[in-house]
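Inspection log for the structure reproduced underneath, given as structure tokens.
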Amino acid sequence: MTPALEPLRRIAAYAICRNSSDDVLLVRASPRSGTPGAWSLPGGAVDHGENPNDTVVRETAAETGLSVAVAELVDVHADMRSLPSRGVTIHTDRLIYRVTVRGGALIDRVGQPTDLARWVSLADAAALPLRPFTAAALGLPTASVDLRPDEPPDFPSFYAYPGPDGLHRAQRFAAYAVASDTRGRILLTRIADGYPGAGRWHLPGGGTDYGEQPGTALIRELAEETGQNGRLVELLGVASHRDAASLGPEGYPIDWHGVRAFYRVVVDQARVPTVHDVGGSTSEARWFDRTELAGLELTEVTAEALAAVRAGG
């Protein structure tokens, strides 16, 4: 049994980087870290307002000495781990990117959370104490170097805290669906009064709960907001958005940073949309023929997501 620990949440971005010999780039956690001696993909926490694409480049350079370029988003995964020595349990939403090396040379570090960076063959990596998310990303047996809580602790889905400038700030990870039915219609939700973007049409979805996987959260949100049972098809991408003074039902400005994962979802048996989460941020849900979309007042992120899907076929 794990003791009662303070729950924390963070968003992080990591790099899968291979050389010409198909070795993978790994870093070792130092005694300053929560899991000393464990090996993982290079990467780290997304700073407030930072695009995760920039995070993975910045963190890889800091931990390995290599300059990399982002090639593609590979996966989004969430996990929890407990650090009794620090009195915390951490939920991390991890964005995994494939990257390529632009230049630089491997470095070792002193007095930092990681101390070694090495190119390692997959066979040798399988024998190392890997962080579970790293083993999963590389298709290797999942190790048990992380201490996990017995169950997710209570933690609000939205949490704002005072920033260094005195303004409250919040960083939130969310999952949204580009959802269609067998007739090719698109499912959208209308934002309720009192929330940013009120009255505009938005993609169904929302913030993930503590300990919840993004895909699981999205299917739950789809049912709560629209009454539909959806089927995940693929991860489309991730977007980052900052509103330095967002106004919502809290009644005071919040420096808001949202990181959103977008999935393609199919509803095999479409129903008349019903909002079950009454009193929340969704006032209405409706199916639209694609020809109707041009006449709607869409949120910016919805318009961008639909345009990207159309461009990709």
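Values in this text are rule-based calculations from the coordinates and carry no lab data. Small disclaimer: the values here were computed from a predicted structure and weren't measured. Positions of Cβ are backbone-derived with ideal geometry, glycine not excepted, and every protein chain shown enters the neighbour counts.
Work out from phi, with θ = phi - 60° and the Karplus expression 6.51 cos²θ - 1.76 cosθ + 1.60, the ³J(HN,Hα) of each residue of region 15-20, listed in order in whole Hz, and give x for Gly and Pro.
10, 9, 10, 10, 9, 5
Where in region 67-107 does the label zone of residue 45 land, with the point 7 angstrom along Cα→C-beta and an amide N cut-off under 19 Å?
Of the residues in region 67-107, 77-96 have backbone N under 19 Å from the label point off residue 45.
Could you please state, rounded to a whole Å, how far the C-alpha centre of region 138-215 is from the C-alpha centre of region 235-267?
First find each Cα centre; the distance between them is then 8 Å.
Pop a pseudo-label 7 angstrom from the Cα along the beta-carbon direction at both residue 144 and residue 127 and give the gap in nm to one decimal.
With each label placed 7 Å out from Cα toward Cβ, I get 2.2 nm.
Does region 128-233 come out rounded, prolate or oblate by the C-alpha gyration tensor, with a ≥ b ≥ c the root eigenvalues, rounded set by a/c under 1.5 and, if not, prolate when a/b is larger than b/c and oblate if not?
Details: a/c = 2.53, a/b = 1.27, b/c = 1.99.
Oblate, since a/c reaches 1.5 and b/c is not below a/b.
How much length, in nm to one decimal, is gained on full extension between residue 86 and residue 229, taken as 0.36 nm per residue of separation minus their Cα-Cα distance? Write down the numbers at each step before the final one.
On the way: separation 143, 0.36 × 143 = 51.48 nm, distance 4.06 nm.
Net length gain for the segment: 47.4 nm.
With 10 angstrom as the radius, rank 275, 57, 88, 110 by how many other C-beta atoms surround their C-beta, starting from the fewest.
110, 88, 275, 57
Output ³J(HN,Hα) for region 183-191: one whole-Hz value per residue in order, computed from phi by the Karplus curve 6.51 cos²θ - 1.76 cosθ + 1.60 with θ = phi - 60°, and x for Gly and Pro.
3J(HN,Hα) across region 183-191, in whole Hz: 8, x, 6, 10, 9, 10, 10, 9, 6.
Over the chain, what is the relative contact order in whole percent, taking alpha-carbon pairs under 8 Å and six or more residues apart?
On the way: 725 pairs, mean separation 53.2, N = 313.
Taking the mean separation of contacting Cα pairs over the length of the chain, I get 17 percent.
Between residue 288 and residue 193, what is the FRET efficiency for a Förster distance of 22 Å, r being their Cβ-Cβ separation, to the nearest 0.05?
Working: r = 21 Å, r/R0 = 0.96.
Efficiency at R0 = 22 Å is approximately 0.55.
For residue 33 and residue 245 in the same chain, what is the full-extension length gain: residue separation times 0.36 nm, less their Cα-Cα distance, in nm? Intermediate results must be reported in sequence, preceding the final value.
Working: separation 212, 0.36 × 212 = 76.32 nm, distance 3.39 nm.
Separation in residues times 0.36 nm, less the Cα-Cα distance, equals 72.9 nm.
Quick check on the chain: helices-only [θ] at 222 nm, where DSSP H runs of length 4 and up contribute -39,500 (n - 2.57) each and the sum goes over total residues. Nearest 500, please.
Values: 5 runs with 48 residues, N = 313.
That comes out to -4500 deg cm²/dmol.
Counting other beta carbons within 10 Å of each Cβ, put 287, 119 in order, fewest first.
Working: 287 20, 119 16.
With the fewest neighbours first, 287, 119 line up as 119, 287.
Answer with one residue from 295, 199, 307: the one whose Cα lies farthest towards the positive end of the charge dipole of region 169-311, charges on Cβ with Lys, Arg +1 and Asp, Glu -1.
Checked the options; the winner is 307.
Springs between alpha-carbon atoms under 10 Å, Gaussian network over the chain: tell me which of 63, 72, 212 tops the mean-square fluctuations.
Ranking 63, 72, 212 by mean-square fluctuation puts 72 first.
Could you size up the charge dipole of the chain around its Cα centre, putting +1 on the beta carbon of Lys and Arg and -1 on that of Asp and Glu, and report it in debye to the nearest 20?
Values: 30 positive and 39 negative charges, 111 e Å.
With Lys and Arg at +1 and Asp and Glu at -1, about 540 debye.
Using a 10 Å cut-off around each Cβ, can you sort 267, 68, 56, 278 from fewest to most neighbouring Cβ atoms?
Details: 267 20, 68 24, 56 29, 278 10.
Least crowded to most crowded, the residues run 278, 267, 68, 56.
What range in the chain is the longest one free of trypsin sites (Lys or Arg not before Pro) that are in a loop by DSSP and have at most 15 other Cβ atoms within 10 angstrom? Spell out each step's value before the answer.
On the way: sites that count: 32, 86, 183, 271.
Between the exposed loop sites, the longest stretch runs 87-182.
Read phi for every residue in region 132-140 and hand back ³J(HN,Hα) as whole Hz from Karplus 6.51 cos²θ - 1.76 cosθ + 1.60, θ = phi - 60°, with x for Gly and Pro.
x, 5, 6, 4, 5, 5, 9, x, 9
With each label point set 7 Å from Cα along the Cα-Cβ vector, what nm distance links residue 108 and residue 269?
Going from the residue 108 label point to the residue 269 one covers 6.2 nm.
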